[in-house]
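The values are calculated or read from the model by the stated rules, or taken from the named source; none is laboratory data. Because the structure is a prediction, the values reported are computed rather than measured. With ideal geometry, Cβ positions are generated from the backbone for all residues, glycine too; neighbour counts draw on all protein chains shown.
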Amino acid sequence: MSAKPSHGPVIELKGLTKRFRRTLAVDDLSLQVPRGSTFGLIGPNGAGKTTTIKMLMGMLSPTAGRARVLGMDVFAEPVRVKQRVGYVPETHHVHRWMRVREAIGFCRSMYESWNDETCRAMLDLFALDPDKRVKHLSKGMLAKLSLLLAVSHDPDLLVLDEPMAGLDPLAREEFLDGVLRTICDRGQTMLFSTHTLDDVQRLADTVGILYEGRLLVHRNIEELLAGTKRIQATLPDGCSPKFIPPGTFWQRVRGRQWLVTVGDFSPDTVPQIREKNSLDHVEVIDLGLEDVFKDLVKGQRAAS
Amino acid sequence: MSWLIWKEYRHNRLIMIVGLVLLVFPYVVAVAIGWITALFAPELRGELPPWTLRMLGAALYSMALGQLTLGLLGGNAIAGERVDRSAEFLAYLPLSKARILSAKIALAAATAAVIWLLNFVVLLALYAGFEEGATPRALGNAWSNFASIATTGLLFFSVAWLLSSLLESPAVSVCVGLITPFLVVTALVLLNLLLAYHGVDGRRWVFVSYYPVCLVLAAASFAAGTWYFLRRVEP
Amino acid sequence: MKIDPASHVPIYLQIAEKVRTAVAAGLYRPGEALPSLRAMALEMQVNPNTVQRAYDQLDREGLVYCRRGRGLFVAEQGAASAQTLTEYGVREVFEEGVRRGQAAGMTFPQLRAIFEKALQSTTETGSRQT
């Protein structure tokens with residue numbers, strides 16, 4: 001049994017870059033995920049989420065940069081890393097002719113730390129039929145099998161790539177239940193990418209917003225929501241805003257109405273804006289994660 | 001490891017079954033012809049070649065068809081798991097590429113061993129059945145036929161293996177592997193013509209060089225395919 | 001009990017609110033244990049860290065106390081929670097109103113005047129007075 005570091009970030013990406021011919025899928029991405037936390041990676045389609053995850057799993061070689069997981073370089077020691085990581089991809093490609101029990105037996109023979117009890121518990125929880133072939137499993141059941149295989153070897157890190165995409169609401173809930181059970185029981189570190197902002201709010205401590213391969217935001221979720229506010233103000237006739245606070249995600253002027261989403265909201269922000277732009281009516285609106293995300297993306301699109 | 005080999009076998013099961021049929025079929029035909037003639041047309045008995053020659057022919061046919069099996073196996077080895085993307089499943093398990101590959105090689109080697117050994121033993125038995133000096137010429141040629149079939153098969157397999165490693169299509173890999181021996185022969189024929197044009201009679205050594213050329217090409221292709229697979233990061 | 005992830009109220013506060021409501025409704029009596037982190041996390045379908053934050057909040061408010069190794073228990077003042085809860089809820093709404101008014105540039109006298117008007121209109125429409 002190899003010694004694992006007891007401190008230090010579980011995931012450490014430094015300057016990770018991936019170029020596919022002309023497209024820059026991931027652009028100089030750096031982030032750290034500390035032990036015991038849950039990191040939610042969100043971004044529009046094509047932002048580079050799956051590419052990033054594939055690189056940190058050692059399944060795609062980066063153009064530049066480094067990926068360390070559990071203190072080990074993913075490309076130098078792929079097998080050792082994978083012993084300690086449970087991975088749930090978006091589409092599960094278990095050999096379709098395998099039966100559920102064969103898939104379990106196959107994986108079991110690969111991992112040193114396979115836990116039969118965990119496996120049996122998950123099998124019961126998900127009510128998977130051991131004799132059913134993978135090709136006959138519904139999407140929801142396949143996702144659950146994938147989670148079972150990822151979790152049954154007691155990994156230190158769970159990596160999920162859009163794990164609940166395309167699942168019906170009940171399957172979603174059951175899958176989520178499975179994920180939560182394992183976190184409650186084992187306290188793993190987790191990184192997951194998703195479109196569903198609901199999942200991020202439920203599960204993540206920290207959120208990272210990826211856009212066109214760049215990590216635009218990397219903050220604790222509570223801080224992000226507390227610090228991002230939309231300000232609605234009425235501009236004096238014929239004026240456009242003179243002062244736009246630093247850390248602005250997005251802004252829009254329509255007639256006399258000025259909407260600006262600020263990323264570093266503090267008690268000084270409103271007085272500052274009001275003063276420098278000579279505004280009368282100023283209103284502060286709280287935002288949910290979905291609004292934050294949309295405003296950020298809109299702002300990026302407008303800027304490019 | 002046993003699970004890995006089981007997986008390889010199961011993944012290629014169709015090829016293995018086809019291979020088994022192709023291995024046995026010529027023998028079945030050789031025996032059946034005798035029975036059918038005896039049952040339905042005993043007057044044609046004398047026109048049939050003796051059963052030893054029939055068995056000889058069956059052995060060579062079986063050997064030749066067996067190379068087809070090997071070629072299919074080679075072409076499907078790596079690309080077959082890319083086509084249904086199950087290679088990605090293996091990619092996130094703690095499996096080194098070397099382990100994955102050794103299971104594939106083990107299966108191919110075992111299959112080749114069965115095909116070659118079975119037919120080799122049959123030929124040996126036939127050979128032993130004749131008194132000294134009474135060996136028919138056909139049997140004498142059988143060994144060189146056996147050798148050239150085996151060599152062709154090796155080339156077929158290795159080239160299919162190389163392409164399987166590079167590409168995602170088992171079908172293309174098998175096809176390219178299949179035509180490679182023909183290309184080699186064509187090249188040698190052309191070489192011979194070229195030499196004849198210049199007044200050199202290289203017939204003997206040009207055609208004997210088929211063996212080393214095939215073996216070298218086979219070894220190089222197999223090595224290249226293996227090396228590429230081990231080095232490649234993407235599943 | 002379900003939380004709304006899309007709401008602007010942080011999830012841990014939503015959970016704290018739900019627990020307060022449950023205690024006020026008598027679902028958990030003083031001296032009784034609250035559901036374990038695990039149970040609450042699974043019921044609410046949220047990260048157990050978030051539940052921990054909610055429980056810490058309640059501990060700070062004095063609604064619950066922590067017995068080492070045994071979990072969280074409802075404090076004696078849980079009995080008076082009903083009142084506290086309502087007061088707390090009302091105060092939150094008032095404070096929100098004050099914040100909005102301040103952001104729009106109103107002064108305290110203005111705000112007080114608006115508050116008086118609101119009280120009056122409620123009395124006029126015949127709502128019950130306590």
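Please state which one of C:Ala25, C:Ala104 is within 14 Å of chain A (Cβ to nearest Cβ) and at pLDDT below 85.
C:Ala104
Mind counting the residues in region A:60-75 that are out of contact with any helix residue (DSSP H, G or I) (no Cβ under 9 Å at 6 or more places or on another chain) and under 17 Å from A:Gln188 (Cβ atoms)?
The qualifying residues number 1.
Does A:Phe175 meet the test of being surrounded by 16 or more Cβ atoms within 10 Å (Cβ to Cβ), free of Cβ contacts under 8 Å to residues at least 24 places away in the same chain and assigned to a helix (DSSP H, G or I)?
Here the answer is no, as A:Phe175 does not meet what is asked.
Could you list, ordered by first residue, the pairs with Cβ atoms under 7 Å in which the first is in region A:98-120 and in contact (Cβ under 8 Å) with a residue 12 or more places away in the chain and the second is in a helix (DSSP H, G or I) and charged (D, E, K, R), at least 6 apart or interchain?
Close Cβ pairs satisfying both conditions: A:Trp114/A:Arg108.
So in region C:37-76, with the set limited to residues that are basic (Lys, Arg) and either within 19 Å of the chain's Cα centre (by Cα) or more than 10 Å from every other protein chain (Cβ to nearest Cβ) (or both), which one is surrounded by the most Cβ atoms within 10 Å (Cβ to Cβ)?
Looking at the filtered set, the residue picked out is C:Arg53.
Would a scan of region B:150-167 turn up a residue that is part of a helix (DSSP H, G or I), surrounded by fewer than 13 Cβ atoms within 10 Å (Cβ to Cβ) and not hydroxyl-bearing (Ser, Thr, Tyr)?
Checked region B:150-167: no residue is part of a helix (DSSP H, G or I), surrounded by fewer than 13 Cβ atoms within 10 Å (Cβ to Cβ) and not hydroxyl-bearing (Ser, Thr, Tyr).
So B:Lys97 passes all but one of these: (1) out of contact with any Ser or Thr (no Cβ under 7 Å at 6 or more places or on another chain); (2) crowded, with 20+ Cβ neighbours inside 10 Å; (3) touching a residue at least 40 places away in the same chain (Cβ under 8 Å). Which condition number does it fail?
Condition (2) is where B:Lys97 drops out.
For region C:104-122, which positions are among the polar types (S, T, N, Q) and either exposed (fewer than 10 other Cβ atoms within 10 Å of the Cβ) or within 28 Å of A:Arg230 (Cβ to Cβ) (or both)?
C:Thr107, C:Gln110
Yes/no matrix, rows are residues, columns are (1) under 18 Å from B:Glu81 (Cβ atoms); (2) β-branched (Val, Ile, Thr):
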position: A:Leu41; (1), (2): no, no
position: A:Gly46; (1), (2): no, no
position: A:Met59; (1), (2): yes, no
position: A:Gln83; (1), (2): no, no
position: A:Thr91; (1), (2): yes, yes
position: A:Trp114; (1), (2): no, no
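Residues in region C:1-22 that are at the interface with chain A (Cβ under 8 Å from one of its Cβ atoms) and more than 15 Å from C:Arg53 (Cα to Cα): how many?
4
In this structure, does B:Ala142 turn out to be surrounded by 17 or more Cβ atoms within 10 Å (Cβ to Cβ) and at pLDDT below 90?
Answer is yes for this residue.
Take region C:21-50 and flag every residue that is in contact (Cβ under 8 Å) with a residue 60 or more places away in the chain and among the polar types (S, T, N, Q).
Residue satisfying the conditions is C:Thr21 alone.
Only one of A:Thr23, A:Thr52 is modelled with pLDDT under 95 and β-branched (Val, Ile, Thr); which?
Testing whether each residue is modelled with pLDDT under 95 and β-branched (Val, Ile, Thr) leaves just A:Thr23.
Just to be sure, is A:Asp154 away from chain C (no Cβ under 14 Å), acidic (Asp, Glu) and farther than 18 Å from B:Arg85 by Cβ?
In short, yes.
Would you please list the contacts, defined by Cβ atoms under 6 Å and residues six or more apart or on different chains, that run from a residue in region B:9-30 that is in contact (Cβ under 8 Å) with a residue 12 or more places away in the chain and β-branched (Val, Ile, Thr) to a residue that is in a helix (DSSP H, G or I) and surrounded by 14 or more Cβ atoms within 10 Å (Cβ to Cβ)?
Pairs found: B:Ile15/B:Leu72; B:Ile15/B:Leu73.
List the helices (runs of 4 or more DSSP H) that sit entirely inside region A:25-141 and contain at least 3 residues that are within 13 Å of another protein chain (Cβ to nearest Cβ) and among the charged types (D, E, K, R).
Hits in region A:25-141: A:100-108.
Return the residue satisfying two criteria in turn: it lies in region A:176-198 and is closer than 21 Å to A:Leu149 by Cα and within 10 Å of the chain's Cα centre (by Cα), and of such residues it is nearest to the other protein chains (Cβ to nearest Cβ).
Among those residues, the one meeting the criterion is A:Met190.
Of the residues that make up region B:206-218, is at least one closer than 23 Å to B:Glu81 by Cα and modelled with pLDDT of 95 or more?
So far as region B:206-218 goes, yes, one or more of its residues are closer than 23 Å to B:Glu81 by Cα and modelled with pLDDT of 95 or more.
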